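Take a look at the structure below.
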Ligand code: PMP
């Protein structure tokens, strides 16, 4: 049974009080972006009200306060993800930026005949940068296939791996289906042939607390906006040895040690990858968001979200012709609180539009994962995704709304 005081938690989120189309908002699009608690909003207001300044270069008080808070937040992120060093945490603008930074860096490390492996469950942001990398380097892209349960077929992964494999990219959790991928095994097998692994943690960070050292992962990326933080900021974790090997992504201020027109030398980690004025406030707020989530506790969060998942799944399966894509929900081991579904031949967009009229926010479409939709031969799905501030009463309203929508559209 739940250990969370959900009604108390809901008071932290001002947006949950608003109405949409005259109805209380029921926000079930958490996999796209999460909502922000007042503890984080307060940090943002405090930053712009009291110590907004450029960092790492001012002698004045505001600049030093902002620099301290920004670097303290980096240490919070390091501790949260259990990275060995704080300089292994690179601030980015989000998951997409982190992936592109690594993909761009590998341009100089790959050659023709090298191979890259991605999974069939990827978000477009974890497909397109690697295709571009292959175009630049002549390397080949291979794909770990999936089965109809929305799980990767690991025996096929074994046959793809060989000594030409240089990189493996896989998301920790699929945003389209909620599948939790066996990244421990994927990492171990990649390392056995000498390949590096980048894990896209955009969907895992809100639900789990991944341990960089225990996973022994080479790169891990995520976005703060999925974890109760603001948009426009995220992090790339990279093992020191890899971050030293990769060339800088962008040139500019902050990332240099010395510059002349003859030769420029780069700054040490992490600054080598942090050109220009960063999202200072965003970084500080990212740290505050992790504080907020950790105060609630990830174990309690995962257990409660799994309760919501099982509660909703059981009711939805009662609806005639409703099909859920992805793994069966079974004890939070293989799936997070994402339900991707269709009802008969009704277009997902039509269901989403009617639900919106009732104040219920879901996502519809291909979820930036067209290859998954092609696999199932569907144009898209309706996706309801839950976070720890959702309630069973909201799910009841959503199910009633869904039934009404299906009746109208049949
Ligand atoms: N990968 C996955 C699995 C995602 O869910 C998302 C966000 N939908 C991204 C990457 C991209 O994240 P962002 O847009 O924050 O860069």
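Values in this text are rule-based calculations from the coordinates and carry no lab data. What you see is a predicted model, and the numbers here were worked out from it, not measured in a lab. Heads up, the Cβs are rebuilt from the backbone with ideal geometry, glycines too, and the neighbour counts pull from every protein chain shown.
A P(r) calculated from all alpha carbon pairs of the stretch 313-410, with 10 Å bins opening at zero, reads 15, 51, 31, 3 percent.
GNM on the chain, alpha-carbon springs under 10 angstrom: the most fluctuating residue among 226, 23, 189 is 23. For residue 295 and residue 261, a Förster radius of 51 Å and the Cβ-Cβ distance give a FRET efficiency of 0.50, rounded to the nearest 0.05. The slack in the chain from residue 160 to residue 108, taken as 0.36 nm per residue of separation less the alpha-carbon distance, amounts to 16.4 nm. Fewest neighbouring Cβ atoms within 10 Å first, the residues 273, 375 line up as 375, 273.
Taking each DSSP H run with n ≥ 4 as -39500 (n - 2.57) and averaging over every residue of the chain yields -11500 deg cm²/dmol at 222 nm. Each listed q (0.16, 0.19 Å⁻¹) maps to a log10 I(q)/I(0) for the stretch 124-229, found by the Debye formula over equal Cα scatterers with no solvent: -0.74, -1.05. Note on the stretch 41-294: antiparallel DSSP beta bridges, both residues inside, total approximately 45 percent of the bridges counted. Label separation (residue 333 vs residue 11): 3.9 nm, computed from points 7 Å beyond Cα along the C-beta direction. Considering all different alpha carbon pairs of the chain, the Kirkwood hydrodynamic radius works out to 22.3 Å.
Per-residue Cβ neighbour counts within 10 Å put 136, 18 in the sequence 18, 136, beginning with the fewest. Based on every Cα atom in the stretch 190-339, Rg and the maximum pairwise Cα distance Dmax equal 20.2, 71 Å. For the chain, a Gaussian network of Cα nodes joined below 10 Å ranks 92, 148, 353 by mean-square fluctuation, and the top entry is 148. Taking every alpha-carbon pair in the stretch 1-150 and binning the separations at 10 Å intervals from zero gives 8, 20, 26, 26, 16, 3 percent. Under 19 Å from a point placed 7 Å out from the Cα of residue 214 along the Cα-to-Cβ direction: which residues of the stretch 50-86 have their backbone N that close? Within reach of a label on residue 214, which here means backbone N under 19 Å from a point 7 Å along Cα→Cβ, the stretch 50-86 contributes 76-85. Between residue 318 and residue 268, the simple spin-label model (points 7 angstrom out along Cα→Cβ) gives 6.2 nm. Ordered by the number of other Cβ atoms lying within 10 Å of each residue's own Cβ, fewest first, 130, 242 fall into the sequence 242, 130. Here the Gaussian network model covers the chain, with springs between Cα atoms less than 10 Å apart; of 125, 260, 63, 260 fluctuates the most. Multiplying the residue separation of residue 410 and residue 131 by 0.36 nm and removing their Cα-Cα distance gives an extension gain of 96.3 nm.
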